[in-house]
1. Over what distance in Å are the Cα centres of segment 80-101 and segment 259-326 separated?
2. Could you work out the relative contact order of segment 190-336? I mean the mean sequence separation of Cα pairs under 8 Å and 6+ apart, divided by the number of residues, in percent.
3. Residue 342 label point, 7 Å along Cα→Cβ, cut-off 19 Å on backbone N: hits in segment 298-312?
4. Evaluate E = 1/(1 + (r/R0)^6) for residue 256 and residue 330, where r is the Cβ-Cβ distance and R0 equals 22 Å; express this FRET efficiency to the nearest 0.05.
5. Working from Cα positions, state the angle (0 to 90°, nearest 10) between the long axis of helix 213-228 and the longest principal axis of the chain.
6. Taking R0 as 56 Å, what FRET efficiency do you get between residue 202 and residue 27 from their Cβ-Cβ distance, rounded to the nearest 0.05?
7. Using a cut-off of under 19 Å, list every residue of segment 47-80 whose amide N is near the label point 7 Å from the Cα of residue 168 along the Cα-to-beta-carbon line.
8. For 88, 158, 11, what's the fewest-to-most ordering of other Cβ within 10 Å of each Cβ?
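Coordinate-derived values only; no laboratory data. For clarity, every value in this text was computed on a predicted model and none was experimentally measured. Here the Cβ positions follow ideal geometry from the backbone for every residue, glycine too, while neighbour counts run over all protein chains shown.
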Ligand code: PLP
Ligand code: COI
């Protein structure tokens, strides 16, 4: 009988690489990279990997970017069994390509997988998939200021089966999209609409801490309501009127004494950007509190001057000051300070290799 050594390192995968013969011409690519926007153009290749209950992870491939063929009965199309991640590749001044804390994204993908009854992709495979894609599409990592290659790993139930149970066939993919600033017009304070009628995820026992498509689907109607009310983004409350997060970013409050407070609960996505900014702030001597923050604490804190800055953060948008909180019958201007932008600068300096990476957060992808 063979015994399985749970501590053994996972065996590296051998990816079969099929080059894209219709790859975008270098001149056209250079043109795209001068103004990539966000999430609209994609690189020449994608990575995919299959999983089945009997076969585990298998058929690792790098292939031309293109449509995925799915059975119309694929479970993801009916029951939304899907998870994803968001992570970036940064080009340093010497041309090398690095990513930021990929182990954290890999572990969060595993936690999302557990909640959504999907298989857990080993951390090593996650990181290997990033390296494989960069090996063929490294030329797509832009070098302009604040530009990145946004990497989107995702996993879904592809088994053709209409019964409601965890799929026995699953696909993992990685695609990539060159990115400029997430919000057009650069870093300027955003306006936030307070959603009173909708939640993005249930506050207890729900899927809020998982990065799963349904949470984002649930945020679209309130996001439209935000736009209709002239706001850029929506902020969600839990049933006890505690602040959760925005549709795609965590929220942080800076107090007069320098303490940084951020909502913590099982319904919030634990952001890696937030965790990193809080570490940098702690390194500077700030006290950090992860705890429930009520809407009353926010509004009264701003009114009394106890809260001196409010900002949001996430991989796509990095750090964005909040300029206004608007809801039914009120509009509160938010105080503007220096901390959000100074932490943003420190974080991006590390990511782009302009400052020492003292926490060992960077991983080189092209070597
Ligand atoms: N909250 C939500 C709902 C998000 O989609 C994101 C973005 O990924 C975040 C928070 C921030 O997480 P991270 O900093 O890991 O990108
Ligand atoms: C990210 O910041 O990576 C996100 O996932 C936010 C949004 C693009 C969904």
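1. Cα centroid of segment 80-101 versus Cα centroid of segment 259-326: 24 Å apart.
2. Averaging sequence separation for qualifying contacts and normalising by length gives 27 percent for segment 190-336.
3. Only 306-312 fall inside the zone, counting backbone N under 19 Å.
4. It comes out at approximately 0.45.
5. 40 degrees
6. 0.65
7. Under cut-off, by backbone N: 50-59, 71-79.
8. 11, 88, 158
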